[in-house]
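Structure, as structure tokens:
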Ligand SMILES: [Zn+2]
């Protein structure tokens, strides 16, 4: 089974920046991949194209031979917004199980509020989910804008949770 990890955003536009943690989404996940995920799947970075749709189409063409494709982010919002969520293509029952498990484990092991699986048919993140041919999931593990989330978050535990989720996928 082949797993792809796609880092959200790109080198020129690195996504949200967490003042609490001192890194952007793009920098964070590239480091996280090298330190924690490199044995679980392959890493892909989006092109520098400023068009979200053309980036997603180009990436989908690269990842189409992978069974399970992650896009990696963290959330940002008002200082009170908090918790974990995972986005999937609406109606994909297999990914519903996987995203539900991911959020449940993040809640149980890191005490992050479980915002649950978000089944998307439009809006933020949908381009990735729509164009990716394999089973796709977009992770939003915590809010980089929320003090309490940033305190609770532990990357080692998070890596183990991602591994557990991949193992579950293999059994489905
Ligand atoms: Zn993002």
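Computed from the coordinates by the stated procedures, all read-outs in this text should not be read as laboratory data. Fair warning: this is a prediction, and the values are worked out from it, not measured in the lab. Methodologically, a virtual Cβ is constructed for each residue, glycine included, from the backbone with ideal geometry; neighbour enumeration extends over all protein chains shown.
Only helical runs count toward this figure. For the chain, summing -39,500 (n - 2.57) over DSSP H runs of n ≥ 4 and dividing by all residues gives -12000 deg cm²/dmol at 222 nm. Arranged from fewest to most other beta-carbon atoms within 10 Å of their beta carbon, 37, 112 become 37, 112.
Given Cα pairs under 8 Å that are at least 6 residues apart, what percent is the relative contact order of the chain? Across the chain, relative contact order equals 28 percent. Where a ≥ b ≥ c are the square roots of the eigenvalues of the C-alpha gyration tensor, would you call the range 1-123 rounded, which needs a/c under 1.5, or, failing that, prolate if a/b is larger than b/c, or oblate? Rounded, because the longest to shortest axis ratio a/c is under 1.5.
With the Cα gyration tensor of the range 1-52 giving a ≥ b ≥ c as the square roots of its eigenvalues, does the rule (a/c under 1.5 for rounded; else a/b larger than b/c for prolate; else oblate) give rounded, prolate or oblate? Cα axes put the range 1-52 in the oblate bin.
Listing 61, 27 from fewest to most neighbouring C-beta atoms within 10 Å gives 61, 27.
Once the Cα-Cα distance is subtracted from the 0.36 nm per residue extended length, the residue 79 to residue 51 segment shows a gain of 7.2 nm. Applying 0.36 nm per residue to the separation of residue 17 and residue 94 and subtracting their alpha-carbon distance, the gain on full extension is 24.5 nm.
Extension gain, residue 167 to residue 31, is 46.7 nm, computed as 0.36 nm per intervening residue step minus the present C-alpha separation.
Efficiency by 1/(1 + (r/R0)^6): what FRET value for residue 62 and residue 160, r their Cβ-Cβ distance, R0 = 30 Å, to the nearest 0.05? Efficiency at R0 = 30 Å is approximately 0.65. Between residue 108 and residue 133, the modelled labels are 3.5 nm apart [label points 7 Å from Cα along Cα→Cβ]. Each of 150, 103 has some number of other Cβ atoms within 10 Å of its Cβ, and from fewest to most they run 150, 103. Take every pair of alpha-carbon atoms less than 8 Å apart whose residues are at least six positions apart; their mean separation over the length of the range 91-148 yields a relative contact order of 31 percent. So in the range 3-171, what percent of DSSP beta bridges are antiparallel if you round to the nearest 5? So the antiparallel bridges in the range 3-171 amount to around 20 percent. Here the Gaussian network model covers the chain, with springs between Cα atoms less than 10 Å apart; of 114, 30, 12, 12 fluctuates the most.
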